[in-house]
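The values are calculated or read from the model by the stated rules, or taken from the named source; none is laboratory data. Keep in mind the model is a prediction, meaning the values are calculated, not measured. No Cβ is skipped: glycine too gets one built from the backbone with ideal geometry, and neighbour counts run over all protein chains shown.
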Amino acid sequence: MPRFALAHAFRSRPLHRLSLRLAAGAAVALAALSPLRAEILIGQTTALTGPVATSVAENQVGIALYINHVNATGGVHGEKIRLVTLDDRFIPKQAAANARQLIEKENALALLMSRGTPHTEAILPALAQHRVALVGPATGAMVLHEPAHPYVFNVRSSYQAETEKAIEHLHTLTLNRIAVVYVDDTFGRDCLAGAMKGFKKAGLQPAALIAADRQQPDHAAIIAKIQQSGAQAVLWVGSNAAVSTGIKALRQAGSRIQVITASNNASSRFIEQLGKDGHGVIVTQVFPSERAMGLAINREAAQLAKAAGATLSPQVMEGYASAKVLVEALRRAGPKPTRERILSTLNAMSHFDLGGLELGYSSNDHTSLSYVDLSIIGSNGQYLR
């Protein structure tokens with residue numbers, strides 16, 4: 001099975017040169033380690049290839065910016081962090097196999113930022129069997145929030161909070177005939193549950209509920225159902241490839257209805273994929289705008305990004321924040337951390353200032369941040385708040 005060094009194997013063309021520079025920097029840092037010097041090995045399974053690879057590449061930039069910075073400034077208690085990332089190709093079964101390899105063969109002390117709801121669910125048995133923490137999964141699945149999973153420490157809000165707010169926002173715009181297109185898996189059904197809470201609060205019923213196949217969504221049939229419903233707006237839940245293709249097909253069919261989607265699509269690549277059809281699409285966000293320089297976390301990330309030739313985006317900032325939480329747990333765990341000590345440290349991390357964003361965990365609350373906001377894609381090709 002292929003192994004990927006830190007920040008290696010990004011597939012997004014705009015990030016290709018950057019990924020090579022970041023990977024080279026990581027390689028230099030690792031080469032400087034003597035054979036006798038210990039490392040803190042962290043594992044990651046995520047979709048370096050497949051339908052969400054472009055947004056994962058932005059997550060990886062954020063992770064690399066922070067971990068490379070930590071390693072370059074002495075590491076954690078004098079030890080460098082080595083991140084071993086395995087490509088699960090956005091296949092849950094592969095994610096489960098990767099997690100077992102990372103934990104059982106690579107002896108990872110913790111896992112960082114898996115991607116996808118069914119994919120993260122697939123690795124939970126390995127976490128439980130070996131008592132290994134997962135920090136910052138890139139999913140807002142409620143099953144990972146309530147009740148608190150003993151080995152999962154979220155760094156972002158839930159999908160249900162996002163989609164509930166999405167429906168409420170559309171209602172405030174007097175758009176009351178709202179269709180929902182959702183990928184037919186645990187991620188999509190979780191988002192649907194949040195949307196239904198929004199409908200209930202607004203005293204509305206959905207104009208249409210349309211399940212889409214995760215592998216091969218039938219966009220022609222989906223658009224026909226949207227149009228037949230008379231919807232004024234649609235909440236479209238799925239991967240960035242599926243949603244961007246669907247929106248473009250919707251516009252080609254002559255529909256100008258309002259489209260809103262969830263934060264899993266809050267990447268620069270999503271805007272690029274949409275092209276001219278992106279203008280006016282609403283995207284929920286789980287972090288403040290990366291251009292809000294009043295926040296210390298954004299200022300420090302911007303400084304590191306400038307030095308690396310990177311550009312900040314919502315997905316970059318989610319990766320950056322998740323890496324920062326993990327590193328703080330390693331620092332608090334003390335020298336020569338163990339899996340058990342990392343777990344107990346995270347459960348006792350009742351307060352941590354990310355840089356203008358405060359989070360905390362306890363044994364019965366692993367939600368961390370509860371921030372949800374809305375953005376709209378402007379004519380300049382940027383997320384506007």
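Quick notes
- Matching residues in the range 41-60 - criterion: being in a helix (DSSP H, G or I) and under 19 Å from Gln215 (Cβ atoms): Ala53, Thr54, Ser55, Val56
- Selection of the range 314-334 for residues being among the acidic types (Asp, Glu) and touching a Lys or Arg at 6+ places or on another chain (Cβ under 7 Å) yields only Glu318.
- Residue under evaluation Ile342, criteria (1) farther than 26 Å from Leu127 by Cβ; (2) part of a helix (DSSP H, G or I), criterion not met: (1)
- Looking only at the range 89-101, and only at residues there that are surrounded by 22 or more Cβ atoms within 10 Å (Cβ to Cβ) and over 17 Å from the mean Cα position of the chain (by Cα), the one that is farthest from Ala133 (Cα to Cα): Asn98
- Summed over the range 311-351, residues that are without any contact (Cβ under 8 Å) to a residue 40 or more places away in the chain and over 20 Å from the mean Cα position of the chain (by Cα) total 10.
- Residues that are assigned to a helix (DSSP H, G or I) and of a type in the set (S, T, N, Q) were ranked within the range 162-176; the one that is farthest from the chain's Cα centre (by Cα) is Thr172.
- For Ser375: the one exception among (1) in a strand (DSSP E or B); (2) polar (S, T, N, Q); (3) closer than 15 Å to Leu134 by Cα: (3)
- Residue in the range 102-112 that is basic (Lys, Arg) and crowded, with 19+ Cβ neighbours inside 10 Å present: no
- Filter result for Leu86 (in contact (Cβ under 8 Å) with a residue 60 or more places away in the chain, outside the structural domain of Pro206 (by TED's automatic domain parsing) and under 17 Å from the mean Cα position of the chain (by Cα)): yes
- Complete set of residues in the range 352-367 that are assigned to a strand (DSSP E or B) and over 19 Å from the mean Cα position of the chain (by Cα): Phe352, Asp353, Ser362, Asp365
- No other residue among Arg89, Arg82 is modelled with pLDDT of 95 or more, assigned to a loop (DSSP other than H, G, I, E, B) and of a type in the set (D, E, K, R) apart from Arg89.
- If you go through the range 137-166 and keep only what is aromatic (Phe, Trp, Tyr) and farther than 18 Å from Leu357 by Cα, you end up with Tyr151, Tyr159.
- Among the residues of the range 70-96, the ones that are small (Gly, Ala, Ser) and either within 19 Å of Ala53 (Cα to Cα) or touching a Gly at 6+ places or on another chain (Cβ under 7 Å) (or both) come to 2 in all.
- Condition check for Gly319: over 22 Å from Arg82 (Cβ atoms), out of contact with any Ser or Thr (no Cβ under 9 Å at 6 or more places or on another chain) and not basic (Lys, Arg): no
- Contacts under 7 angstrom Cβ, first residue in the range 138-149 being under 28 Å from Thr54 (Cβ atoms), partner among the acidic types (Asp, Glu), 6 or more apart: Ala138/Glu318; Gly140/Glu162; Ala141/Asp190; Met142/Asp190; Val143/Glu121
- Residues in the range 171-189 that are in contact with a helix residue (DSSP H, G or I) (Cβ under 6 Å, 6 or more places away or on another chain) and surrounded by fewer than 23 Cβ atoms within 10 Å (Cβ to Cβ) were compared, and the one that is farthest from His119 (Cα to Cα) is His171.
- Some residue of the range 148-170 being surrounded by fewer than 20 Cβ atoms within 10 Å (Cβ to Cβ) and out of contact with any helix residue (DSSP H, G or I) (no Cβ under 9 Å at 6 or more places or on another chain): yes
- All positions within the range 354-371 that are loosely packed, with under 15 Cβ neighbours inside 10 Å, under 20 Å from Met317 (Cα atoms) and touching a residue at least 24 places away in the same chain (Cβ under 8 Å): Gly356, Ser370, Tyr371
- Identity of the residue in the range 177-206, among the aromatic types (Phe, Trp, Tyr) and part of a helix (DSSP H, G or I), that ends up nearest to Ile91 (Cα to Cα): Phe187
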